[in-house]
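Notes to accompany the following structure.
The values are calculated or read from the model by the stated rules, or taken from the named source; none is laboratory data. None of these values were measured; they are calculated from a predicted model. Here the Cβ positions follow ideal geometry from the backbone for every residue, glycine too, while neighbour counts run over all protein chains shown.
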Amino acid sequence: MKKFSFKNWIKKVQLVALRFPFTLFFVVGFTIFLLIQINKLGMVHQERNWTFFALGILLSLSVTLFSEKFKNLYRIGLNLLAIVLLLLYCYLLPEKFYPVHIYQVISIGIVLFLSAFFVSFFKKENDVPFWEFSKESVIQLFIAVIFAQILMAGLSLAVLSLKELFKMNIDGKVYGDIMVITYVLFGGVFFLANVPDKTKKYKQIYNFNKFLKVLGLYILLPILAIYSLILYGYLIENVIKWQLPNGYVSTLVSVLGVGGFLTMLILYPLRLEKNKITELLSKYFPLLLLPLLILMSVGIFRRLGDYGMTVNRLYVLLLNIWLYGICIYLFISKANHLKWIVISFAAVLLLSSVGPWSVYHLTKRTMTKEIAQLLSESHLLNDGNVIDNQDKVINLDPKISEQLSEDIKYMAINYGVEKLQPFFSQSIKDKTWSELNKTLGISNIPIKDTHFNAWLERKGSLALNTENYKSFQYLPSFWDMKSDTVLTNNQLVILLKNSNLLVSSKSAQFAPFTIPLKTKLKEIIKSQKTKDSFSMEEMTISADNYKLLLNSVSGNYFSHNDSIHINNCDALLFLK
């Protein structure tokens, strides 16, 4: 190993600038964007600008690795063409992102990340160069993250030392700046400097170390075996009882399939050495998975039938189809070219995420058609426009009302309320989905099992009157719901009973009392239909002897027994 020196590091950076100039540009640009955001320098950046730099890092990396075998002019031209296409894609994105746009960007990011591993190896007859390059790149990525973590911890401790020892007034944003510089800038450059170059990535020699052998043979394979036994037991039970599977089985089969293929990739060199276990895995795992894929298909169609089409369910359906296809391919090809597992997955994900045939457009078209049908069945349309039914002149069927409410909510939250404009003659740009329900005469829809996530709205400085309170207690940001104890110290014991807080004093300074947290949370859940952030008044519970301020809270509401499960809560309790 070469001895580290500042001179060697400068040389490494120079090599990165020569080999990955476009990627380095995007890394630096993304770093600057993050620093501006953390320090709130007054510049407003649209989500599509962030998308350009974030995806640009991965796109330029893949294009550079693919074009290394070409002359410089062609390599530069391909990178510039890729940047133009990325600019066009980002320009077509809306100024305000909804969840579907975030899902799409993440999907494209995953595709570009995976493509960096295989773009250089389409024409190679065997997978040895692909396997060795992928292994070395993943190792270097982990090393870059570990080094960045160590550097961040060291610099953060240095800043903390200056603050505590010399009483320096240091803004807390400095720690965020350190994180960005170490993880994004340092980590990114370090990884790029250690990506196997074009003289190494095509070598037909692999290095299979003991760690990978232990990981694949003695950790992953036993886990896969246990998983398979559990799922086959469940399959047999469903066949004997002749019942439909639980929709959750789709997740379990997906994990088994992806885990099995990942194990096959890790153990690929052992198969070249005619290891019997890996040969059996490559030969029979695709066949073992096929009956479970049928079980997964039944579970998916059950979910689609019971709850309708959503983006997530369509992605799971596509994953199921891809698993069928890759199992058949591996069986026919005798699993000789495992790189096509990665290539085919990236291709399916890309094709399903862009274009008018994407899961996003298909879900929107299907949901829009269903809303139109429900409105028509409810006689709420006149010449294609919604009739104002706030006075409930038209009585709606409860089941249709509930389904219509759910569809409108899904469209408004995931695509934006503007997508529902064709049904309304007047502008609904500033309307919420609950206001649209009111227009349709839909009300008193029972709350189903609902996830809630609320936080304190922070506009300017927050002034909390604590003049008459003698003490305050910070409640931990995570409440372990396996225990009733929220907090216990030398002075207080705070318990959670039926979603309410029971506060008592160990020294009997005051009589025990109950904070009606459940009532406040139910108010938040109802209001969350229109917003996620709340004012200080809305997030405060107060009485004569206490005041509880909720900074943030999340959890789930269960309608069948009117109960609330709190996942996280960040709060301050003031006592008189």
Which count do you get for residues in segment 422-449 that are modelled with pLDDT under 90 and either in contact with a Cys (Cβ under 6 Å, 6 or more places away or on another chain) or within 21 Å of P94 (Cα to Cα) (or both)? 7
Residues in segment 239-250 that are without any contact (Cβ under 8 Å) to a residue 24 or more places away in the chain and either in a helix (DSSP H, G or I) or surrounded by 13 or more Cβ atoms within 10 Å (Cβ to Cβ) (or both): how many? 3
Do the conditions hold for D177, that is, is it in a loop (DSSP other than H, G, I, E, B) and among the acidic types (D, E)? no
State whether one or more residues within segment 259-281 are touching a Lys or Arg at 6+ places or on another chain (Cβ under 8 Å), among the charged types (D, E, K, R) and in contact (Cβ under 8 Å) with a residue 40 or more places away in the chain. no
Matching residues in segment 371-402 - criterion: being within 17 Å of G305 (Cα to Cα) and surrounded by 17 or more Cβ atoms within 10 Å (Cβ to Cβ): I371, L374
Residue that is more than 27 Å from I139 (Cβ to Cβ) and either surrounded by 14 or more Cβ atoms within 10 Å (Cβ to Cβ) or modelled with pLDDT under 90 (or both), where the choices are F25, F33: F33
Tabulated pairs, segment 531-554, first free of Cβ contacts under 8 Å to residues at least 24 places away in the same chain, second in a strand (DSSP E or B) and crowded, with 16+ Cβ neighbours inside 10 Å, C-beta under 8 angstrom, 6+ apart or interchain: T540/K547; T540/L548; T540/L549; T540/L550; S542/L548
Any idea how many residues of segment 412-442 are free of Cβ contacts under 8 Å to residues at least 12 places away in the same chain, more than 32 Å from the chain's Cα centre (by Cα) and crowded, with 18+ Cβ neighbours inside 10 Å? 0
Segment 466-477 - residue that is surrounded by 10 or more Cβ atoms within 10 Å (Cβ to Cβ), more than 19 Å from P516 (Cα to Cα) and not small (G, A, S) and, of those, modelled with the lowest pLDDT: T466
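Residues are listed down the side, and each one gets a yes or a no for (1) surrounded by 14 or more Cβ atoms within 10 Å (Cβ to Cβ); (2) outside the structural domain of A153 (by TED's automatic domain parsing); (3) touching a Pro at 6+ places or on another chain (Cβ under 7 Å):
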residue	(1), (2), (3)
M179	yes, no, no
T182	yes, no, no
G188	yes, no, no
V214	no, yes, no
S228	yes, yes, no
L231	yes, yes, no
V258	yes, yes, no
Starting from segment 391-403, keep only residues that are assigned by TED's automatic domain parsing to the domain that holds W433, then list their pairs with residues that are basic (K, R) whose Cβ atoms are within a distance under 9 Å, requiring at least 6 positions of separation or different chains. E402/K448
